[in-house]
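Enquirer: Below you will find the structure I want to go over with you.
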Amino acid sequence: MLLNLEKALSMPVMIQVCNCSVRTIRDWRREKFSMNLSCLKKLSLKARLPIPETMRVRDAYAHTRTAGAKGWASVKAKYGRVPIDEMHRKEAWHTWWDTKGKFENNPILKTKPINRPKKDRELAELIGIVMGDGGISTYQVTVTLHHIDDRQYSIFVAKLVKKLFHVTPHIRHSEKKSVLEIVISRAELVKYLHSLGLPIGNKVAQQFDIPNWIKKNKKLSTACLRGLVDTDGSIFTHRYKVNGKWYSYKKLSFTSLSRPLLQSVATIMQDIGLHPRISANQNVWLDSKRDMEKYILTVGSHNPKHLKRYKSEVG
């Protein structure tokens with residue numbers, strides 16, 4: 001349905017009708033999130049396209065009953081009943097912690113070490129990956145990818161993490177959310193990446209940018225660009241008709257809500273001889289066939305999804 005709407009309506013029109021960003025529509029397209037029903041109705045009316053009768057509407061909170069049942073089954077299996085004095089248990093734990101627990105030399109409480117690699121192209125690419133589809137909390141680093149389109153790429157990312165930090169990440173698959181999450185639960189890794197310039201918490205609210213130690217080095221900035229585009233970029237075919245004949249060529253789009261990051265991505269592209277265009281709706285574009293060829297040759301990609309789309313559409 002969304003593909004038909006995109007053929008009938010331009011991206012700016014869809015953004016205006018739904019009052020959302022390009023990123024949101026992109027997530028709907030790759031099924032990272034379910035499309036909002038009210039938005040679908042508005043787009044259907046605008047495009048004069050009927051909503052398919054086979055379309056399935058799901059309650060936003062339909063999963064809570066199942067989750068509650070599973071939780072109860074888990075508690076019953078462990079305790080035989082629901083603990084009736086949970087507040088007392090928590091108070092007792094805090095008392096123990098404040099008076100004794102935090103003063104004990106408990107190996108469980110010690111942070112686990114990580115390897116601290118040199119500042120090379122592999123580390124710069126990993127920084128780009130985390131800046132693209134990743135996030136950092138107090139104790140975890142997470143990279144979220146599409147569970148089908150990015151399955152092969154997730155293997156590359158997991159191997160890169162293990163090679164750089166000597167830590168095996170945990171991969172969580174949520175078919176319901178259509179995502180693969182590569183999770184590294186190491187406080188030391190969080191501290192290390194933060195020291196390299198990555199923000200902890202909401203990166204968009206902090207208007208994050210590529211660290212200066214990467215931007216100052218052309219090889220490192222090119223590797224970082226590859227990680228950013230492999231996660232938060234897309235390659236697609238632009239088609240147009242002239243005198244009754246159809247023409248097509250490839251374009252590249254990188255999306256971010258951080259203006260400093262958009263500007264840095266455009267600057268790196270310019271430094272390697274490309275001609276990027278920054279649009280008003282949080283995108284950096286490569287529009288010409290020559291730029292696309294040079295990007296693939298100079299920057300390249302480790303995401304099989306991008307390479308497949310580019311190679312299958314050549315000519």
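The values are calculated or read from the model by the stated rules, or taken from the named source; none is laboratory data. Just so you know, these numbers come straight off a predicted model, no measurement behind them. When we count neighbours, we look across all protein chains shown, and the Cβ atoms used for this are built from the backbone with ideal geometry, even at glycine.
Enquirer: Say we look at the stretch 72-100 and pick out the residues that are assigned to a loop (DSSP other than H, G, I, E, B) and exposed (fewer than 10 other Cβ atoms within 10 Å of the Cβ); which of these is modelled with the highest pLDDT?
Expert: The initial filter retains those residues of the stretch 72-100 that are assigned to a loop (DSSP other than H, G, I, E, B), namely 80-85, 100.
Now restrict to residues that are exposed (fewer than 10 other Cβ atoms within 10 Å of the Cβ): 80-82, 84-85, 100.
Details: 80: 64, 81: 61, 82: 59, 84: 58, 85: 66, 100: 79.
Restricting to residues being assigned to a loop (DSSP other than H, G, I, E, B) and exposed (fewer than 10 other Cβ atoms within 10 Å of the Cβ), the top hit is 100.
Enquirer: To continue, here is another question. Just name the residue that is modelled with the lowest pLDDT out of those in the stretch 296-315 that are assigned to a helix (DSSP H, G or I) and aliphatic (A, V, I, L, M). Steps first, answer last, please.
Expert: The first filter runs over the stretch 296-315 and keeps only residues assigned to a helix (DSSP H, G or I), leaving 296-298, 304-312.
From the residues that got through so far, the ones that are aliphatic (A, V, I, L, M) too are 296-297, 307.
Working: 296: 94, 297: 95, 307: 91.
In this case the residue turns out to be 307.
Enquirer: Could I ask something else about it? Just checking: which of the strands (runs of 3 or more DSSP E) contained wholly in the stretch 188-285 hold 2 or more residues that are closer than 27 Å to residue 298 by Cα, at pLDDT below 95 and under 17 Å from the mean Cα position of the chain (by Cα)? Reasoning before the result, please.
Expert: Details: elements: 233-242, 245-255, 277-279.
Once the strands (runs of 3 or more DSSP E) in the stretch 188-285 are filtered for at least 2 residues that are closer than 27 Å to residue 298 by Cα, at pLDDT below 95 and under 17 Å from the mean Cα position of the chain (by Cα), what remains is 233-242, 245-255.
Enquirer: A further question on this structure: How many of the residues making up the stretch 47-71 are surrounded by 14 or more Cβ atoms within 10 Å (Cβ to Cβ) and either part of a loop (DSSP other than H, G, I, E, B) or modelled with pLDDT of 75 or more (or both)?
Expert: Just the residues of the stretch 47-71 that are surrounded by 14 or more Cβ atoms within 10 Å (Cβ to Cβ), to begin with: 47, 49, 51.
Keeping just the survivors that are either part of a loop (DSSP other than H, G, I, E, B) or modelled with pLDDT of 75 or more (or both) gives 49, 51.
Residues flagged as surrounded by 14 or more Cβ atoms within 10 Å (Cβ to Cβ) and either part of a loop (DSSP other than H, G, I, E, B) or modelled with pLDDT of 75 or more (or both) within the stretch 47-71 amount to 2.
Enquirer: Among the residues of the stretch 166-202, write down those that are without any contact (Cβ under 8 Å) to a residue 60 or more places away in the chain and among the polar types (S, T, N, Q). Spell out the reasoning first.
Expert: Taking the stretch 166-202 as the starting set, the residues that turn out to be without any contact (Cβ under 8 Å) to a residue 60 or more places away in the chain are 166-175, 180-185, 190-191, 194-195, 202.
168, 174, 185, 195, 202 - these are the residues of the stretch 166-202 that are without any contact (Cβ under 8 Å) to a residue 60 or more places away in the chain and among the polar types (S, T, N, Q).
Enquirer: In addition: Check 262, 220, 274, 252 and return the single one that is touching a residue at least 60 places away in the same chain (Cβ under 8 Å) and either outside the structural domain of residue 179 (by TED's automatic domain parsing) or of a type outside the set (A, V, I, L, M, F, W, C) (or both).
Expert: Going through 262, 220, 274, 252 in turn, just one is touching a residue at least 60 places away in the same chain (Cβ under 8 Å) and either outside the structural domain of residue 179 (by TED's automatic domain parsing) or of a type outside the set (A, V, I, L, M, F, W, C) (or both): 220.
Enquirer: Of the residues 171, 184, 127, 155, only one is surrounded by 11 or more Cβ atoms within 10 Å (Cβ to Cβ) and either more than 26 Å from residue 304 (Cβ to Cβ) or out of contact with any helix residue (DSSP H, G or I) (no Cβ under 9 Å at 6 or more places or on another chain) (or both); which?
Expert: Working: 171 fails: either more than 26 Å from residue 304 (Cβ to Cβ) or out of contact with any helix residue (DSSP H, G or I) (no Cβ under 9 Å at 6 or more places or on another chain) (or both); 184 fails: either more than 26 Å from residue 304 (Cβ to Cβ) or out of contact with any helix residue (DSSP H, G or I) (no Cβ under 9 Å at 6 or more places or on another chain) (or both); 127 fails: either more than 26 Å from residue 304 (Cβ to Cβ) or out of contact with any helix residue (DSSP H, G or I) (no Cβ under 9 Å at 6 or more places or on another chain) (or both).
Result: 155 is the single residue among 171, 184, 127, 155 that is surrounded by 11 or more Cβ atoms within 10 Å (Cβ to Cβ) and either more than 26 Å from residue 304 (Cβ to Cβ) or out of contact with any helix residue (DSSP H, G or I) (no Cβ under 9 Å at 6 or more places or on another chain) (or both).
Enquirer: Turning to a different aspect of this structure: From 237, 222, 267, which residue is buried (at least 18 other Cβ atoms within 10 Å of the Cβ) and either farther than 24 Å from residue 22 by Cβ or hydroxyl-bearing (Ser, Thr, Tyr) (or both)? If you could, list the steps in order and put the result at the bottom.
Expert: Working: 237 fails: buried (at least 18 other Cβ atoms within 10 Å of the Cβ); 267 fails: buried (at least 18 other Cβ atoms within 10 Å of the Cβ).
That would be 222, the only listed residue that is buried (at least 18 other Cβ atoms within 10 Å of the Cβ) and either farther than 24 Å from residue 22 by Cβ or hydroxyl-bearing (Ser, Thr, Tyr) (or both).
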